[in-house]
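Below is one structure, written out as structure tokens; comments come after it.
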Amino acid sequence: MEYEKVLFEVLQDTILYIVSKMQDKVNINRKYLQKIMFLVNYYDPERNTLTTTHKSFNIYFVIYYYGPFSFEVSDAIIELINKGLLKEDLNGSIKLAKDVNVDLVDIIKDRVDKILEKFGEKSSKELVDISLELLGIKDVKEFLGNPVEVIIEEKD
């Protein structure tokens, strides 16, 4: 249980880091954070492909209406809003509610920075399209509820 709590805190710190780096460059919303965290978890920048062998987190993603979705990421965002660390306006845009200093371990920070360098300034719509293309999904309805890992492993 303690291990899961630490992982959830690292997930929250990672989300805060992403928002702090990107909030002045792109419109961040829940969909954006879901797709960026999906890419952080599964995208291998060196091979330019998805992989299940070099995951940053042990986050469970399924296919939902707008591509990969994680309840853990959703819960982390909600908790950060409830704690007053993130604010979400009526249009769904998310920003830091106050200045935060986030210290990520180097291996996670480096991976997040690589993902943000490649995908960070894309819109949430573009990230949905990129995620689905990387997964080889043309019609999301055919894959609703399917675990992302199974789809990635079947592609390999």
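General observations
- Anisotropy class of the range 17-80 from Cα gyration tensor, a/c 1.5 cut: oblate
- Distance from the range 136-156 to the range 1-24 (C-alpha centre basis), Å: 26 Å
- Only helices enter this figure: runs of n ≥ 4 DSSP H residues, each worth -39500 (n - 2.57), summed and divided by the residues of the chain, yield -16500 deg cm²/dmol at 222 nm to the nearest 500.
- Descending semi-axes in Å of the chain, equivalent ellipsoid built from Cα gyration tensor: 24, 17, 15
- Principal axis dimensions, largest first and in whole angstrom, of the range 2-48 by Cα: 35, 28, 17
- At R0 = 41 Å, FRET efficiency that the Cβ-Cβ distance of Lys138 and Lys98 yields, to 0.05: 0.45
- Karplus 3J(HN,Hα) series, Hz, for the range 98-115 with 6.51 cos²θ - 1.76 cosθ + 1.60 (x for Gly, Pro): 7, 5, 10, 9, 9, 10, 9, 5, 4, 5, 6, 4, 4, 5, 4, 4, 5, 5
- Rounded, prolate or oblate (a/c below 1.5 giving rounded, otherwise prolate when a/b exceeds b/c) for the range 87-156 by Cα gyration tensor: oblate
- Under a 5 Å amide H cut-off, with hydrogens placed 1.01 Å from N, Gln23 pairs with nothing among residues at least 5 apart or on other chains.
- Checking the Cα-Cα distances for Lys25/Lys118; Lys122/Lys155; Lys83/Lys122; Lys25/Lys155; Lys83/Lys125 against a 23 Å cut-off, the pairs over it are Lys122/Lys155; Lys83/Lys122; Lys25/Lys155; Lys83/Lys125.
- Calculated FRET efficiency, Ile78 to Glu9, Cβ-Cβ distance, R0 = 22 Å: about 0.90 to the nearest 0.05.
Where a number appears in this text, it was derived from the coordinates with a stated rule and is not lab data. Every value quoted in this text rests on a predicted model; they were computed, and no experiment measured them. Using ideal geometry, Cβ is built from the backbone for each residue, glycine included, and neighbour counts are taken over all protein chains shown.
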